[in-house]
Structures are given as C-alpha cells and as structure tokens.
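Reading through the structure tokens given below for one structure.
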Amino acid sequence: MNINIEGYGMQNFDDSMIAIAIAKELDKEAAKAYCAVQVGDKVQGLAYQPQDGETLKFLTFADDGGAHAFRHSSSHIMAQAIQHLFPDTKFGIGPAIKDGFYYDLDSEHIFTEEDLAAIEQEMKKIIKANYKFERAEVDRSEALKYFADKDEIYKVDLIEHLPEDAVITFYTQGDFVDLCAGPHLLSTGSVKAFKLMSLAGAYWRGDSDNKMLQRVYGTSFPNKEELDAYLFKLEEAKRRDHRKLGQELELFLLMDEGPGFPFFLPKGMVLRNQLENYWREEHAKWGYSEIKTPLILNRALWERSGHWDHYKNNMYFTQIDEGDYAVKPMNCPGCMLTYKAKPHSYKELPLRLAEMGIVHRHELSGVLHGLMRVRCFTQDDAHIFMTEEQIKEEIIGVTKMIDSFYSLFGFNYHVELSTRPAKAMGSEEIWHMAEAVLAEAMQEMSKEYVINEGDGAFYGPKLDFHLEDSLGRTWQCGTIQLDFQMPEKFDLSYIGADNQPHRPVMIHRVIFGSIERFIGILIEHYAGAFPLWLAPVQAKVLTITDRQNEYAAAVAAQLAQAGIRVELDDRSEKIGYKIRAAQTEKIPYMLVVGDKEAEDGTVALRKRAEGDLGVFATADVIKRLQEEIASKAQ
RNA sequence: GCUGGAAUAGCUCAGUUGGUAGAGCAGCUGAUUCGUAAUCAGCAGGUCGCGUGUUCAACUCACGUUUCCAGCUCCA
C-alpha cells in the first residue's frame, strides 16, 4: 500500500503493517517518541492499520494530539490503580486536560492526600507491567450489559447518551476495561513520569443539580525533566500569586468583615491611580467624555433594564423612604438615563460616554478569589451610541485602543467572537449583520479570532479579548458588545439629517475589564516588580551612616519636588541591610549616599534588576527617572 | 451554593495520648557608624477565627458558625 507520511513523502509498505511498524521502519529512534498518529483530521492510536492512499502524521508529546493520548492513557492507568485499591469505586469520566488529566469517582471512601501516594505506588506497578492498551469495538447492548452488570451507573449513563450510530469502543489494559473513544498509547510502560496533583469535587456531567463526585487530578510527561519543569512552573506561579504579593507589598487587603470587598492600601492606590490616570488621558485622546452615575438607583429603572427580572440573584437591594432600590451591578442603565436626558442630533454621533463604574454583584461565596473575583469592582466602562453605518469604524477604533493598552504592559492576547445564543432577543437578520460587522472589523485589522458559536449575550454578539500573562495563562479582560436591546428598552433616539427620530446602535466596552482584576493580573505578570511608571515607590534614598542623614533628606526632597515617589531609609543599619529591604520591596531605584556623595552633591545609583550603576549628579538621576517614567517603559 | 481541606503574634510557621502557648522575621529601645541582598543585645507582642457542648481541665475532642484554600458550577 502507498502511504503519504508527513516529513517523508509517499512511501510503499506491506498491507498488514500498523502505524508503529511503519514508524519504526522509517526511523527507529524517532518512533520511540511517538504517542499517536494523525490520519486526515482524526487522531488514532499507533496500532492503527492504515489504508492505501492515506496521509499519516506521527504525533509526539509536543503535539496536542500526542499529549492528549498520553494523558488520557495516564488517566486510565490511575483508574486501574484505584480499582485495585478501592474496588467499590464507580467511575465517571477520565479525560486528558490542558496540563494533565483527571478521573471522576463515586465512592463511599473519601479520598485523601495519603491515598494519592498509595495510588501512585500502584500506578508504578501498572506502568512496570507494561500492559497493552487493547481496543475493541463493542455492540451497544453488549456494552450496556457489561457495565450494568458491574453496576457502573455512570458508564451506563454515558452509553445511553451516545448517538444511535456511535461506534462504541472499549479499551482494555490488563484487568481494567473502560468505555473510551481513545486513542491511547501502545502500552502503560510509556508513561515515564507522572504525579497525582490534587483532589476536588466535581458535579456529574458538570451540572450542579447532579451528584458531586470526587475528582483526582494528575499530570504526566514522557520524562522526569519535563515533569520537573512543569512543577517548577507551578511553584513560580505560586510565588507570583497576587494574594501573596498583595500582602507582602502592602497593596490591598481582604478582611473577614467584607468577603469579596477588597481594601486598597496606600501603595495599591498609587498603582490604581496610575492606571486610572493613564486611562483618562487615553480616553480624552480617543474622543470619550467621562461621566459618573449613582451607585444606587430605584426599582423602576432596574425593571426597565431587565435586571430586576434576570439578574436579581446577583444584586444587592436596599430601601429608601419605603421605596425599593438596588445597588448597581452594571453601569449601562445609568448611562442610558444620561443619554436620554436631552435630545441628540446625528451630528453628535458617535457619542462615547466613559465611566469608571463601581459595581456590586453578589457572587457565590465559593468563587471569590483575591482581586480576580470579587463582589465589588470597578469597570472601565464606556457606552458608544452611533448609527449603524458607524459600527465598523467604532469597533476598529476600540480594538486599536485595546491593542495599545495591552501592548503597553507587554501582554499578548487573542480575540474571540461570540455569536447568537439560543435565547437571543432581536431578529436573526440584525444578528447576522452585527456578527458580520464584528468579523469584518477583525479582518480589516488582520486580527486572528476564534468563533464561539452561540456564546453571545442575549442582547447582542461580542468580541472578547483574552490576554496572556508572563506565565502563559490567559485572562478575559476586554470586551466589545453590540447591544440592540438597551436602546430599544430605553427608547433612545437621535434626530437624523432627515429631521426624523432614529434608534441609535450601542456598544458596551471595557478595556481593563475590572480595575481590580487587572491589578491582580499585573501583580502576577510583573511578579510585583512593576515598571517605574507604576511602581508605588519609585526610588529610595539609603544612607551609609548617620552623617549623611541631612544630605539624604535633601536628595529625597529634591526627587519628591520633581514628582518622583521617593522614600528615605536613614535607619542606623548597614547598607547591605537597607539594600536587601529595598530589593524585597521591589523598589526600582536605590540612591545610596555616603560621605563622598554628600561632599560632591551626587548619588550612587542602584537599579533593582541590574545592581550598582555608579555615581551620578542628583539632577541627572532625576532627569533619567523622569524620562523613564514618561516613556512608561517595561 | 456544592465537595474536600485549613484557621495559633503584623508575617511565615512549631506546639508531642487534653494539663490555659513557642521560634524566626517585622516592630520598639539601646549599642554600633559600617560602601551595594540580613550587626549585636534587650523589650514588647496571642480570649490559639467565633459560639455551644463534653471534661476536674480544651489550642488539642464533638457539634454549629464565619472566613480562607483547592476544585466544581458561575464570571469582569
């Protein structure tokens, strides 16, 4: 048979040869690293029997398909070990995920950390035994009977939900049989390095109305080095955790008295104000006007906007003089009122109203997480009112603006376009038009984007901006949402050139998303070592001995006069101690002054990341820092 | 909200079958006056998250509760 193999071209092989045999014939050494094989757009196990004329691509762990087969096989090994040790366990699903795998279990036994160690030991035995993963196609009724007899109710449920024409396959390794579509590695011995990571609860089928199962997470790699590198990365992420750094660097606090309601400390406020200042400057440049709408508004407004009916569970309420009021969970209704307060001409459009809007949302207690998920946060919101013809240009404008913001912090990002959901309001025609405009805007900017079918808000399609931090994790921050509902509900209009009233189109958009979350991301992105323009304390003057106290205070005053955020450390400590303290506080510049500097009117400059830079005139240091601040350099 | 775990000094953590708490760092005081990541000594600091119970006796055991952590569901 003739097989086209990526990297090797068209080759002729015996008809009976399976994929791994072909791989070995081509390159015995390279074949060792193969995890799976891609045939057309489908990934198969290495025991796959190719057909004449097919195109094969061998996948290693570095390919998504290869890693997937590897982790999925690891998951089966774990399940087999658990079945050996805890025979009463019922199995749910056990897929591969981004950084590893998990298996959902139902058992009377509550799994603990100690169990994980025992399971790992048993897994080692299974890996050593090097059982083959054997695939078998099974008749539907036979499959149902097999699992029903074993009382594996979740497997039965899975089979029952498979489409009528689905090919049902079992994978067997040694004494363990699992319902599974595959593909898998050839045998258990290929899993050279693995670790069980954690235990958690997870609802069956991800539905909170179903029973909660126990989930065991693990990860695996082709060798120990890669496993160690992964574990190191996790440690690094822990080291950068914004909750830990937020406390160490005295940026913000979370107290029992206000769960989900963060306190900002003086240094955190500096950071926050820098972001807001930059935001205001940019919005002025891009033609926005800033407004501020009330935190509390009456029931009639929230009924009109639809929040009273659809968002009630997430809102906080209060009463004023017998009347019902709500604390705003979103800024749009307030902005709608602002727009409506006077008639508008088409000449004013697009009208861009921005608001640093403080919103309160009653999030479930279990989801609160540092600054990333809170109950009170500030959206850097804006609503743009415009004509249909202006949509595309506005979308492009906002996209460019978002790009300039994210670039400033050195973030990469990707864009997702979410389209019409099932429960959408408005005609399909308008939706299609809107989706097309969003897509066109992206194409015009040559921006790649992913489409999330049916993931739009009920009132309109949206573009979401997911930024990637220095550890490769992604966060949804910016969003541009078209809204056809709100202008309708609030009966918004503008007078057109024809002297007739028209309905404006509106977009909601945020760039930071939430100032709180964005600060959390920045803390982790920079590991607390902020660029000079953001650093809460930009410079610290350190004395060598008490003799320089007066001079040092004068230097600090000079810097402060020049608009630099400076502190003075004139404690009677050794210079090494003070430098260590300043480094720990991640202060960008240290100005060391001893007798020599005091005499010459100079300072010895030390940079956080680079160490001693030598002696400079104080005025030159001020100029250097001012320039670096103005440039907002990374 | 759900499942599992945790809560001891400002911070990081010890605390041994139940006998009312200890270290390092930080802080304060004193000594030291030193040239690029930790000088020495002393002092002070805790209703052991909160409540109820068991017990002669609870940081320790039980129950409840609050908050946090890891996930799930949800989300800026």
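The values are calculated or read from the model by the stated rules, or taken from the named source; none is laboratory data. For clarity, every value in this text was computed on a predicted model and none was experimentally measured. As a convention, Cβ positions derive from the backbone with ideal geometry for all residues, glycine included, and neighbour counts pool all protein chains shown. Side chains are part of the model used for accessible areas, which takes the heavy atoms of the whole protein and leaves out ligands, DNA and RNA. Shrake-Rupley method; radii C 1.70, N 1.55, O 1.52, S 1.80 Å.
Nearest 5 is fine: what % of DSSP beta bridges in chain A come out antiparallel, could you say? Walk me through the numbers before you get to the answer.
Working: 99 of 117 bridges.
Among the beta bridges of chain A, antiparallel pairing accounts for roughly 85 percent.
By the gyration tensor of its Cα atoms, with a ≥ b ≥ c the square roots of the eigenvalues, what is the shape of segment A:553-621: rounded for a/c under 1.5, prolate for a/b over b/c, or oblate? Intermediate results must be reported in sequence, preceding the final value.
On the way: a/c = 1.35, a/b = 1.23, b/c = 1.10.
Rounded shape, in that the Cα axes give a/c under 1.5.
How charged is the neighbourhood of A:LYS347? Take every other residue with its Cβ under 15 Å from the Cβ of A:LYS347, and add Lys/Arg as +1 and Asp/Glu as -1.
Values: positive: A:LYS342, A:ARG352; negative: A:GLU348, A:GLU389, A:ASP498.
With Lys, Arg at +1 and Asp, Glu at -1, the net is -1.
Using the structure shown, select from A:LYS292/A:LYS340; A:LYS540/A:LYS586; A:LYS540/A:LYS574; A:LYS42/A:LYS155 the pairs with a Cα to Cα distance greater than 21 angstrom.
Numbers: A:LYS292/A:LYS340 15 Å; A:LYS540/A:LYS586 11 Å; A:LYS540/A:LYS574 15 Å; A:LYS42/A:LYS155 24 Å.
Beyond 21 Å between Cα atoms: A:LYS42/A:LYS155.
Where nothing but the Cβ of Lys and Arg (+1) and of Asp and Glu (-1) is charged, how large is the charge dipole of segment A:185-281 around its Cα centre, in debye to the nearest 20?
Values: 15 positive and 14 negative charges, 65 e Å.
Dipole magnitude for segment A:185-281 comes out near 320 debye.
Just need the relative contact order of segment A:204-280 here, percent rounded to a whole number, with Cα pairs under 8 Å and 6+ apart. Spell out each step's value before the answer.
On the way: 36 pairs, mean separation 10.9, N = 77.
In percent, rounded to a whole number, it is 14.
How many angstrom lie between the Cα centre of segment A:491-534 and the Cα centre of segment A:556-634?
36
Rounded to the nearest 0.05, what FRET efficiency do A:ASP324 and A:GLN11 give with R0 = 51 Å and r taken as the Cβ-Cβ distance? Could you check? It would help to have the intermediate numbers written out before the result.
On the way: r = 76 Å, r/R0 = 1.49.
E(calc), rounded to 0.05, equals 0.10.
Contact order normalised by length for segment A:181-245, with contacts defined as Cα pairs under 8 Å and 6 or more residues apart; what percent is it?
Contact order relative to length: 30 percent.
When a/c reaches 1.5 or more, the comparison of a/b and b/c decides; with that in mind, is segment A:348-476 rounded, prolate or oblate per its Cα gyration tensor?
Working: a/c = 1.45, a/b = 1.29, b/c = 1.12.
Verdict is rounded for segment A:348-476.
Taking Cα centroids, how far is segment A:377-433 from segment A:72-88 in Å?
That distance is 46 Å.
Before I look further, what does segment A:561-634 give for accessible area per residue, probe 1.4 Å, in whole square angstrom?
Values: 4110 Å² over 74 residues.
Spelled out: the 1.4 Å probe surface of segment A:561-634, per residue, equals 56 Å².
In terms of the Cα gyration tensor, with a ≥ b ≥ c the square roots of its eigenvalues, is segment A:24-141 rounded because a/c is under 1.5, prolate because a/b exceeds b/c, or oblate? The partial results should precede the final answer.
Numbers: a/c = 2.30, a/b = 1.85, b/c = 1.25.
Note, shape of segment A:24-141 comes out prolate.
Given +1 on the Cβ of Lys and Arg, -1 on the Cβ of Asp and Glu, and no further charges, what dipole in debye does chain A carry about its Cα centre, rounded to the nearest 20?
I would put it at about 1620 debye.
Within 10 Å, count the other beta carbons around each residue, average over each peptide in A:200-212, A:593-605, and list them highest first.
Values: A:200-212: 11.8, A:593-605: 18.1.
Result, highest mean Cβ count within 10 Å first: A:593-605, A:200-212.
In percent, how large is the relative contact order of chain A, given Cα pairs closer than 8 Å and 6 or more residues apart?
Details: 1162 pairs, mean separation 54.4, N = 634.
Reported relative contact order: 9 percent.
Kindly report the accessible area of segment A:3-77 per residue (heavy atoms of protein chains, probe 1.4 Å, no ligands, DNA or RNA), in Å².
Working: 3630 Å² over 75 residues.
Heavy-atom accessible area per residue stands at 48 Å².
Any lysines with Cα under 19 Å of the A:LYS195 Cα? List them, leaving off those in the same chain fewer than 8 positions away.
Those lysines meeting the cut-off are A:LYS98, A:LYS124, A:LYS125, A:LYS128, A:LYS224, A:LYS233, A:LYS238.
Place +1 on the Cβ of every Lys and Arg and -1 on the Cβ of every Asp and Glu in segment A:395-488, take the dipole about the Cα centre, and give the residue among A:THR474, A:MET486, A:PHE458 whose Cα lies farthest towards its positive end.
Most positive-ward Cα: A:THR474.
Starting with the highest mean, order A:112-121, A:188-197, A:470-479 by the number of other Cβ atoms within 10 Å, averaged over the residues of each peptide.
On the way: A:112-121: 13.7, A:188-197: 19.6, A:470-479: 16.4.
Going from most to least packed, we get A:188-197, A:470-479, A:112-121.
Tell me, what % of the accessible area of chain A is carbon and sulfur with a 1.4 angstrom probe?
Details: 15150 of 30260 Å².
It is 50 percent, rounded to a whole number.
Starting from the Cα-Cα distance between A:ALA619 and A:ASN277, subtract it from 0.36 nm times their residue separation and give me the gain in nm to one decimal.
Working: separation 342, 0.36 × 342 = 123.12 nm, distance 2.61 nm.
Computed gain between A:ALA619 and A:ASN277 is 120.5 nm.
How much area per residue is accessible in segment A:334-396 when the probe is 1.4 Å and only protein heavy atoms are counted (Å²)?
41
Spin-label point model (7 Å from Cα, Cβ direction): what's the A:ASN2 to A:HIS161 distance in nm?
Once both label points are built, they end up 4.5 nm from each other.
If I fit a long axis through the Cα atoms of helix A:391-408 and take the longest principal axis of the Cα atoms of chain A, what angle between them do I get, 0 to 90°, rounded to 10?
Helix A:391-408 sits roughly 80 degrees off the main axis of chain A.
Order of A:446-457, A:548-559 by packing, highest average Cβ count within 10 Å first?
Details: A:446-457: 13.6, A:548-559: 19.1.
Packing proxy ranking, top to bottom: A:548-559, A:446-457.
What does the net charge come to around A:THR479 if you take all other residues with beta carbon closer than 9 Å to its beta carbon, with K and R at +1 and D and E at -1? Could you put the intermediate results ahead of the total?
Values: positive: A:LYS462, A:ARG509; negative: A:ASP464.
Neighbourhood net charge equals +1.
What residue among A:GLY528, A:THR419, A:HIS502 has its Cα farthest toward the positive end of the dipole of segment A:410-533, where the charges are +1 on Lys, Arg and -1 on Asp, Glu, each on the Cβ?
Result: A:GLY528, furthest along the dipole toward the positive end.
Under unit Cβ charges (Lys, Arg +1; Asp, Glu -1), what dipole magnitude, rounded to 20 debye, does segment A:277-400 have relative to its Cα centre?
Numbers: 16 positive and 17 negative charges, 25 e Å.
Dipole magnitude for segment A:277-400 comes out near 120 debye.
May I ask which residue of A:THR602, A:TYR406, A:ILE3 lies farthest towards the positive end of the charge dipole of chain A, with charges of +1 (Lys, Arg) and -1 (Asp, Glu) on Cβ and the Cα centre as origin?
The one lying farthest along the dipole's positive direction is A:THR602.
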